[in-house]
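Working notes, structure below.
The values are calculated or read from the model by the stated rules, or taken from the named source; none is laboratory data. Keep in mind that what you see is a predicted model, and the values were worked out from it rather than measured. So basically every Cβ, Gly included, is an ideal-geometry build from the backbone, and we count neighbours across all protein chains shown.
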Amino acid sequence: MNYPKVAVVILNWNGEKHLANFLPSVFNSTYPNMEIIIGDNASTDNSINFLKNNFPLVKVIINHQNYGFAEGYNQVLKQVEADYFVLLNSDVEVTPNWIEPVIAMMEADVKIAIAQPKIRSYYNRDSFEYAGAAGGFIDTFAYPFCRGRIFDTIEKDNGQYDDEKEIFWASGCALFIKSSIWKEIGGLDEHFFAHMEEIDLCWRAKNRGYKVMYCGFSTVYHVGGGTLQAESPYKTYLNFRNNLYLIKKNEPLSRSIFLIPFRFCLDFLALIKFLMDKKTDNAWAISKAHRHFISALFEGKIKNSYISPQQNLKGKYHNSIVFDYFVRGKKLFKEIWK
């Protein structure tokens, strides 16, 4: 087998503990043509000294401010040369043979731009992990979900997704991308800062006709929730704002002009639910997300992606996952995707 060069790039921000716990597993990777790079987002902890003392051979690229996930990776990857980039979270434990199956799959098809491995939970190792599981999908109203995880229903891994499958989006915690395509589509959108920027990246690739794939013959274990907790109002703000960014950027105008007002209405219901649960900070975060989205819209900050005649919508679910899950009681991927 030909072994194209793979750069495994870990973006770090005050993650000394994660580096100590998980970097050794990356070093145990069996792929023969691999470079490990730490991109540091202006950490204020002991991360850099820790790397110098314990992993002196690791290349470290330092950003001089915390750019967030999206622009942080953009800045680092400008300085990396490889055939493939792997964006790997610092809280991911990899298995020795995790790279080979994904690269073999991607090398076999020039249309494959992006891929992810199977992502299992670090703490519940026989279960899928929330952020990515067995590949990302999106419904007609731009709500993302995964094979193996729909809302808070997380499946155990019983081999049901031991396959290769075209998906809609790949998780940013272990995302493989051909470097040529990263450059072609312009990397991550810095306006997202963090959350859903990988969905936007994949959607832009699919709008150009490329494929996004899941490889069930590679497995990693993700801790998850390391930077922002699930109940964080800031995370709520980013998720609601960035989901609107996704729609405006990637849906054709004929759809987004109707879909965005409809999503505002659905988001308002979520706001009311937060208020009823006495989570006023989260409710305020939704209002703030809407206001900032409207401001960005009028300021022209949200750039529409190029949509080619070969646009690829594989992995888009043309129904409502919210309705199917909460009203029809369909909790498992096999119940909604035939």
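Can Ala70 be described as at pLDDT below 95 and buried (at least 19 other Cβ atoms within 10 Å of the Cβ)?
It is true that Ala70 is at pLDDT below 95 and buried (at least 19 other Cβ atoms within 10 Å of the Cβ).
Taking only segment 74-110 into account, find how many residues are touching a Gly at 6+ places or on another chain (Cβ under 7 Å) and either modelled with pLDDT under 95 or of a type outside the set (Val, Ile, Thr) (or both).
5
Which of (1) among the hydroxyl-bearing types (Ser, Thr, Tyr); (2) modelled with pLDDT under 95; (3) more than 14 Å from Asp157 (Cβ to Cβ) does Thr140 not meet, given it meets every other one?
(2)
Only residues in segment 255-281 that are touching a residue at least 40 places away in the same chain (Cβ under 8 Å) count as the first member; pair them with residues that are polar (S, T, N, Q), Cβ under 7 angstrom, at least 6 apart or cross-chain, and list the lot.
Within 7 Å, no pair qualifies.
Kindly indicate the residue of segment 147-206 that is out of contact with any helix residue (DSSP H, G or I) (no Cβ under 7 Å at 6 or more places or on another chain) and among the small types (Gly, Ala, Ser) and also farthest from Asn89 (Cα to Cα) among those meeting that condition.
Gly159
Residues checked against (1) closer than 23 Å to Val322 by Cβ; (2) surrounded by fewer than 24 Cβ atoms within 10 Å (Cβ to Cβ); (3) over 13 Å from the mean Cα position of the chain (by Cα):
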position: Ala131; (1), (2), (3): yes, yes, no
position: Asn158; (1), (2), (3): no, yes, yes
position: Glu166; (1), (2), (3): no, yes, yes
position: Ser171; (1), (2), (3): yes, no, no
position: His191; (1), (2), (3): no, yes, yes
position: Ala194; (1), (2), (3): no, yes, no
position: Lys206; (1), (2), (3): yes, no, yes
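State all residues of segment 275-300 that are surrounded by fewer than 14 Cβ atoms within 10 Å (Cβ to Cβ) and within 16 Å of Glu190 (Cα to Cα); if no residue qualifies, say none.
Glu299, Gly300
I'd like to check something: does segment 221-231 contain any residue that is closer than 22 Å to Pro101 by Cα and crowded, with 24+ Cβ neighbours inside 10 Å?
yes
Being among the small types (Gly, Ala, Ser) and surrounded by fewer than 15 Cβ atoms within 10 Å (Cβ to Cβ) is the filter here, so list the residues in segment 301-338 that pass it.
Hits for segment 301-338 are Ser308, Gly329.
Determine whether segment 105-121 contains at least one residue that is of a type in the set (A, V, I, L, M, F, W, C) and surrounded by fewer than 17 Cβ atoms within 10 Å (Cβ to Cβ).
yes
If you go through segment 3-21, how many residues are closer than 24 Å to Met105 by Cβ and aromatic (Phe, Trp, Tyr)?
1
Just one of Ser121, Ser90 is of a type in the set (S, T, N, Q), touching a Leu at 6+ places or on another chain (Cβ under 8 Å) and over 17 Å from Thr30 (Cα atoms); which is it?
Ser90
Mind listing whichever residues of segment 133-157 are touching a residue at least 40 places away in the same chain (Cβ under 8 Å), charged (D, E, K, R) and closer than 15 Å to Arg120 by Cβ?
Passing the criteria: Arg147, Glu155.
Say we look at segment 305-337 and pick out the residues that are of a type in the set (A, V, I, L, M), in a loop (DSSP other than H, G, I, E, B) and in contact with a helix residue (DSSP H, G or I) (Cβ under 8 Å, 6 or more places away or on another chain); which of these is nearest to Ser256 (Cα to Cα)?
Top of the filtered list is Ile307.
Yes or no: Tyr130 closer than 15 Å to Gly172 by Cα, at pLDDT 95 or above and in contact with a strand residue (DSSP E or B) (Cβ under 9 Å, 6 or more places away or on another chain)?
It is false that Tyr130 is closer than 15 Å to Gly172 by Cα, at pLDDT 95 or above and in contact with a strand residue (DSSP E or B) (Cβ under 9 Å, 6 or more places away or on another chain).
Collect the residues in segment 1-32 that are on the phi < 0 side of the Ramachandran plot and among the polar types (S, T, N, Q), keeping them in residue-number order.
Asn2, Asn12, Asn21, Ser25, Asn28, Ser29, Thr30 - these are the residues of segment 1-32 that are on the phi < 0 side of the Ramachandran plot and among the polar types (S, T, N, Q).
Output yes when any residue across segment 200-214 is without any contact (Cβ under 8 Å) to a residue 12 or more places away in the chain and within 23 Å of Lys331 (Cβ to Cβ), and no when none is.
Within segment 200-214, none of the residues are without any contact (Cβ under 8 Å) to a residue 12 or more places away in the chain and within 23 Å of Lys331 (Cβ to Cβ).
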